[in-house]
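Report on the structure given below.
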Amino acid sequence: MKYQWVILAIALIAGLTTSYILDSRNPSLAIEPHYPLNILESGNEAVDLYNPDDPRIRLVYFGYTQCPDVCPTSLAVMSAALKQIPAEQRQNIWPIFITLDPERDTAVKTANYAKHFHSSISGMTGTQEQTKELAEKYGVLYIRTDLKDSALEYVIDHNSYFYFLLPNGELIEKVPHLLNPAPLISIIPDIIKRVPNAS
């Protein structure tokens, strides 16, 4: 009887091991590791979006690198605003681009894309779970739309806002998609004045 239990235990372990190996090879069953909402990747580094030691106001835009129109336009507007505001205002702003397409936008790709528009814009990538949580937190609406017979395979339809955040991630204000930098330039000094220790 004792040997039967041993044989059953060995068979059970072998079965579970085989199941684990087969499941790990199935991408549909892969489970992403869980990371805190605020720890994202930019280039080859982990970045804390809510770093308490960085007092700058976060100016965040959500999009993706293969966006055909609205994202490049918005990042160009952000870049133009950064170039036109005084240096003392610019040093109080942390411009950030967060991808809504982590499946294709690696941390390096996203960082390089953001730098293409302005050297101070940090391009960040999170996991699918982090992306969803951040979108829900700030009211970012996005949906994947598959494209048949297209090399792109799919696009990410999304709303377009600039989000001003406190260092702890609290939303200060959001500004809708713009075609020129003037409204963004005019609101930045007002935002800085409203935030303690930012001016």
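The values are calculated or read from the model by the stated rules, or taken from the named source; none is laboratory data. As the structure is a prediction and not an experimental result, all values here were calculated from the model. So basically every Cβ, Gly included, is an ideal-geometry build from the backbone, and we count neighbours across all protein chains shown. Accessible surface areas use protein heavy atoms only, side chains included; no ligands, DNA or RNA. Shrake-Rupley method; radii C 1.70, N 1.55, O 1.52, S 1.80 Å.
For this structure, a couple of remarks:
- The GluC sites (Glu not before Pro) found in the stretch 116-199 that occupy coil by DSSP, while having at most 14 further C-beta atoms within 10 Å, are Glu153, Glu170.
- Largest-first principal axis extents of the Cα set of the stretch 67-199 (Å): 50, 26, 25
- Residues Ser42, Ser150, Ser74 ordered from highest to lowest accessible area at a 1.4 Å probe: Ser150, Ser42, Ser74.
- As a length-normalised measure over Cα pairs under 8 Å and 6 or more apart, the relative contact order of the stretch 38-111 settles at 45 percent.
- Counted charge near Ile156, where neighbours are those whose Cβ lies closer than 9 Å (Asp, Glu -1; Lys, Arg +1): -1
- Set of aspartates and glutamates with alpha-carbon distance to Lys109 below 16 Å, sequence-local pairs under 8 removed: Glu41, Glu45, Asp101
- Remark on Met124: its backbone amide H falls under 5 Å from those of Phe97, Ile98, Thr99, a criterion applied only to residues 5 or more positions apart or on other chains, H modelled at 1.01 Å from N.
- For Lys193, a cut-off of 19 angstrom between C-alpha atoms picks up these lysines, skipping any fewer than 8 places away in its own chain: Lys174.
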